[in-house]
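No lab work stands behind these numbers, since they all come straight from the coordinates. Nothing here was measured: the structure is a model prediction, and the numbers come from that model. Don't worry about glycine lacking a Cβ; one is built from the backbone with ideal geometry, like all the others, and counts go over all protein chains shown.
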Amino acid sequence: MTDDRNFRFYGIKETNTSTSEIDQHVEEISVSGFTVVSDVVPEAELPEVHRRVDSVYEKQVSEIGGGQNLRAINDETIARCLLAYDDYFLKLATAPKIVALLEKLLGDYFTLLQQNAIINLPDMVSYQTSWHRDLIYQHFIPSRPIAVSALICLDNFSKETGGTHVLPGTHKLEKFPSQVYVQGHEVAVNAKAGSAIVFDSMLFHRGGVNSLKHPRRGLNHLYSLPFIKQQIDLPRILDGKYADDDFLRKFLGYESQAAEDVVQWRTKRLKLLDQK
């Protein structure tokens with residue numbers, strides 16, 4: 001509990017109010033660029049999530065003709081678009097605590113751009129250990145979030161396990177900071193398995209190197225306002241699945257696909273009118 005006797009100020013006319021847990025998370029993302037949301041996945045469920053992540057990854061290795069082909073394109077130990085392989089991962093992408101936070105940050109219409117599982121093996125150095133934004137190559141700053149990332153920790157995240165490192169506040173900077181600044185200000189985020197690190201997708205961050213003897217898994221989601229293009233065309237790969245659900249139809253991108261021609265664009269709008 002905050003001791004109000006030590007919380008004094010003067011010369012201030014405007015303040016933020018934080019009356020709930022979700023307000024606190026929103027404020028942390030606004031100021032620092034990231035927050036940790038606890039208990040997104042029950043602890044007892046984590047072994048099952050591990051099994052399902054590994055199963056999807058093994059299937060994708062087989063689809064591409066072996067792990068050597070993933071190594072050739074620098075995509076080893078990453079499972080992509082898991083919800084297209086296993087409905088269970090749609091449940092994780094729409095976890096209530098995450099969706100409630102997204103509604104505060106992005107409003108009532110947002111889409112899932114991508115869902116990737118990162119399997120961080122011991123002592124492995126991948127491109128994920130390089131500093132980046134999830135909206136890569138962008139050097140502009142919007143006045144409010146246009147995309148939010150939610151990295152569900154399937155194992156404990158720490159400096160030792162190769163957890164996520166962040167540069168607090170850099171979602172407000174156009175340029176990447178100097179090497180001297182980075183070395184003095186990067187933070188390794190500690191997050192318990194089952195929690196989620198949620199951050200403004202413009203925040204500079206990187207993965208660490210796992211110095212322990214077991215894999216460290218994370219399930220990353222990138223959500224955005226619907227004018228940003230998905231990494232993989234979910235409506236096409238899902239082939240109409242979930243399109244009858246009002247929330248999932250928007251969430252999965254069915255309503256933000258580019259039309260093939262003028263007739264299709266107008267026909268789609270007519271169908272939407274009929275549904276109202």
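FRET efficiency for the pair LYS271 and GLU63, taken as 1/(1 + (r/R0)^6) with r the Cβ-Cβ distance and R0 = 30 Å, rounds to 0.35. Working ranking of peptides 115-124, 63-72 by packing, defined as the average number of other Cβ atoms within 10 Å per residue, highest first, is 115-124, 63-72.
Dividing the helix sum by the residues of the chain, where each DSSP H run of 4 or more adds -39500 (n - 2.57), gives a mean residue ellipticity at 222 nm of -8500 deg cm²/dmol. For the cross-link pairs LYS91/LYS271; LYS91/LYS229; LYS159/LYS241; LYS104/LYS241; LYS104/LYS229; LYS172/LYS192, the ones whose C-alpha atoms lie over 31 Å apart are LYS159/LYS241.
Each residue of segment 201-211 was assigned a 3J(HN,Hα) from its phi angle through the Karplus curve 6.51 cos²θ - 1.76 cosθ + 1.60 (θ = phi - 60°); the sequence is 5, 8, 6, 6, 7, 7, x, x, 9, 6, 9 Hz, with glycine and proline shown as x.
Normalising by the residue count of the chain, find the relative contact order in percent from Cα pairs under 8 Å and 6+ residues apart. Rounded, it is 25 percent for the chain.
If only the Cβ of Lys and Arg carry +1 and only the Cβ of Asp and Glu carry -1, the dipole of the chain around its Cα centre is close to 520 debye. Counting Lys and Arg as +1 and Asp and Glu as -1 over every other residue whose Cβ lies under 13 Å from the Cβ of HIS205, the net charge comes to -1.
Ordered by the count of other Cβ atoms within 10 Å of each Cβ, fewest first, TRP265, TRP131 give TRP265, TRP131. Counted by neighbouring Cβ atoms within 10 Å, the residues THR267, THR164 run from fewest to most as THR267, THR164. One decimal place: the segment GLU260-GLN183 gains 22.9 nm when fully extended, by the rule 0.36 nm per residue minus the C-alpha distance. Cα centroids of segment 17-71 and segment 153-174: 13 Å apart.
Listed from fewest to most Cβ neighbours within 10 Å, the set SER18, SER256 follows the order SER18, SER256. Neighbours of GLN68 by Cβ distance under 12 Å: Lys/Arg scored +1, Asp/Glu scored -1, total -1. Residue-wise HN-Hα couplings along segment 110-117, as the Karplus relation 6.51 cos²θ - 1.76 cosθ + 1.60 with θ = phi - 60° gives them from phi, are 9, 10, 8, 7, 7, 9, 10, 9 Hz; Gly and Pro carry x. Against the set (1) 18; (2) 27; (3) 23, the structure's computed percent of Cα pairs over 34 Å apart falls on (3). Taking 0.36 nm per residue of separation and subtracting the current Cα-Cα distance, fully stretching the chain between SER55 and GLU103 would add 14.1 nm. Calculated FRET efficiency, LYS172 to LYS192, Cβ-Cβ distance, R0 = 35 Å: about 0.80 to the nearest 0.05.
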